[in-house]
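The values are calculated or read from the model by the stated rules, or taken from the named source; none is laboratory data. What you see is a predicted model, and the numbers here were worked out from it, not measured in a lab. Cβ atoms come from the backbone with ideal geometry, glycine included; neighbour counts cover every protein chain shown.
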Amino acid sequence: MKYKNILWDWNGTILNDTPVAFEATNILLERYGYPTITLEYYRDNIDTPIVNFYSKIFDLNKHDMQMLDDEWDVLYNQLSDKIGLHNSVEELLRFFADKNCRQVVLSAFRTEEIIKYARKFSVEHFFENILGTQNIVMESKTMRGRKYMQEHNFTPEQTLYIGDTVHDCDTARDLGVECILFSGGQQSQMLLKKCGVPVYESFEDIINRTKMNI
C-alpha cells in the first residue's frame with residue numbers, strides 16, 4: 001500500500017458533530033439578539049481561527065470572544081448526545097488497520113474530549129496516538145504533527161492526511177504530506193474544492209479511492 005501512516009482530523013471528519021456545532025451557534029446568536037444563520041451559511045463561512053467566523057456573526061466590540069467561546073462549549077456539551085460517527089468512517093479505520101497503517105489523530109480539539117468520544121464509540125484502539133490540544137501546551141496542529149512525524153519516523157511521502165476543512169489542507173501542505181478532504185463535515189464542498197486536492201462526499205468514496213492505492 002502506498003500509505004503507511006494516516007493522520008486524521010477529528011471534529012467533522014471522524015466525529016459527525018457539525019449539526020451540533022451549528023445548533024450551538026444558533027442558540028448563542030439567539031441568546032444575544034442576533035439573527036440565526038442557515039446550515040449552508042455556517043458551512044460556507046466557518047473558519048480557523050474561529051474568531052474569523054465569529055466576527056461575521058457577532059459584534060466583537062460588544063462581546064468578549066473568550067466568553068462567547070466558553071458559552072458555546074457549554075452548549076456543545078449539552079447537545080452532545082446527538083453526536084455520532086460519520087457513516088462508514090469506522091470501515092475506513094478498520095481497512096487501514098488491516099493494512100497495518102499507523103493511524104494518529106491530529107486535532108485542535110481537547111485531547112481528553114477526543115479520548116472520551118473515541119472510547120464511547122469504540123474506535124480508540126485504531127489510533128497509535130491522539131494529538132489534541134492540552135490546557136498548557138497550545139501548539140498548532142502543524143507543530144504537533146511535525147514533531148510527532150520526526151520522532152516516530154513518519155515518512156511524508158508515505159503519509160496521508162484526512163480532514164474536512166481548508167485548514168486541514170493547509171496543515172497537510174505544511175507537513176509535506178498528501179491530503180484528501182471530506183465534504184460532509186464542517187466546511188462546504190464549495191470551499192474545499194478551492195484547495196486543489198481530492199474532495200469526497202462520503203467515506204464510501206474515500207474507501208474506494210484509497211483501495212486503488214494498494
Of Val123, Val177, the only residue that is among the β-branched types (Val, Ile, Thr), closer than 14 Å to Thr13 by Cβ, in contact with a strand residue (DSSP E or B) (Cβ under 9 Å, 6 or more places away or on another chain) and not assigned by TED's automatic domain parsing to the domain that holds Thr38 is Val123
Pick from Tyr3, Tyr76: which is in a helix (DSSP H, G or I) and either surrounded by 14 or more Cβ atoms within 10 Å (Cβ to Cβ) or not hydrophobic (A, V, I, L, M, F, W, C) (or both)?
-> Tyr76
State which residue is farthest from Thr142 (Cα to Cα) when the search covers only region 37-51 and only residues that are part of a loop (DSSP other than H, G, I, E, B) and of a type outside the set (S, T, N, Q).
-> Ile37
Which residue out of Lys2, Lys56, Lys62 is more than 30 Å from Ile207 (Cα to Cα) and touching an Asp or Glu at 6+ places or on another chain (Cβ under 9 Å)?
-> Lys56
On the given criteria, is Ile83 in contact with a Ser or Thr (Cβ under 7 Å, 6 or more places away or on another chain), at pLDDT 95 or above and of a type in the set (A, V, I, L, M, F, W, C)?
-> no
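Looking at Tyr34, Tyr54, which one is without any contact (Cβ under 8 Å) to a residue 40 or more places away in the chain, surrounded by 14 or more Cβ atoms within 10 Å (Cβ to Cβ) and assigned to a helix (DSSP H, G or I)? Walk me through it before giving the result.
Details: Tyr34 fails: assigned to a helix (DSSP H, G or I).
The conditions single out Tyr54.
Can you tell which of Ala21, Ala97, Ala108 is under 22 Å from Asp205 (Cβ atoms) and small (Gly, Ala, Ser)?
On the way: Ala21 fails: under 22 Å from Asp205 (Cβ atoms); Ala108 fails: under 22 Å from Asp205 (Cβ atoms).
Criteria check complete, one pass: Ala97.
With of a type in the set (S, T, N, Q) and either modelled with pLDDT of 95 or more or in the same structural domain as Thr159 (by TED's automatic domain parsing) (or both) as the only criterion, which of Gln66, Gln78 stands out?
Details: Gln66 fails: either modelled with pLDDT of 95 or more or in the same structural domain as Thr159 (by TED's automatic domain parsing) (or both).
None of the other options fit; the residue is Gln78.
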Enumeration of residues in region 79-97 that are part of a loop (DSSP other than H, G, I, E, B) and either in contact with a Lys or Arg (Cβ under 6 Å, 6 or more places away or on another chain) or over 17 Å from Asp164 (Cβ atoms) (or both) = Leu79
Within region 155-193, how many residues are touching a helix residue (DSSP H, G or I) at 6+ places or on another chain (Cβ under 7 Å) and assigned to a loop (DSSP other than H, G, I, E, B)?
-> 7
Counted residues, region 92-117 - those being under 21 Å from Arg144 (Cβ atoms), surrounded by fewer than 18 Cβ atoms within 10 Å (Cβ to Cβ) and among the charged types (D, E, K, R) | 3
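Counting only residues that are β-branched (Val, Ile, Thr), under 23 Å from Arg209 (Cβ atoms) and surrounded by 13 or more Cβ atoms within 10 Å (Cβ to Cβ), how many does region 118-169 have?
Going residue by residue through region 118-169, those that are β-branched (Val, Ile, Thr) are 123, 130, 133, 136-137, 142, 155, 159, 162, 165-166.
Then keep just the ones that are under 23 Å from Arg209 (Cβ atoms); that gives 123, 155, 159, 162, 165-166.
Remaining after also requiring surrounded by 13 or more Cβ atoms within 10 Å (Cβ to Cβ): 123, 159, 162, 165-166.
Adding up the residues that qualify gives 5.
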Among residues belonging to region 6-20 that are closer than 20 Å to Asp170 by Cβ and aliphatic (A, V, I, L, M), point out the one that is surrounded by the most Cβ atoms within 10 Å (Cβ to Cβ).
-> Ile14
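Go through region 180-191 residue by residue and tally those that are of a type outside the set (Val, Ile, Thr) and surrounded by fewer than 23 Cβ atoms within 10 Å (Cβ to Cβ).
Taking region 180-191 and keeping what is of a type outside the set (Val, Ile, Thr), we get 181-191.
Of the ones still in play, those that are also surrounded by fewer than 23 Cβ atoms within 10 Å (Cβ to Cβ) are 183-184, 188-191.
Summing the residues that are of a type outside the set (Val, Ile, Thr) and surrounded by fewer than 23 Cβ atoms within 10 Å (Cβ to Cβ) in region 180-191 gives 6.
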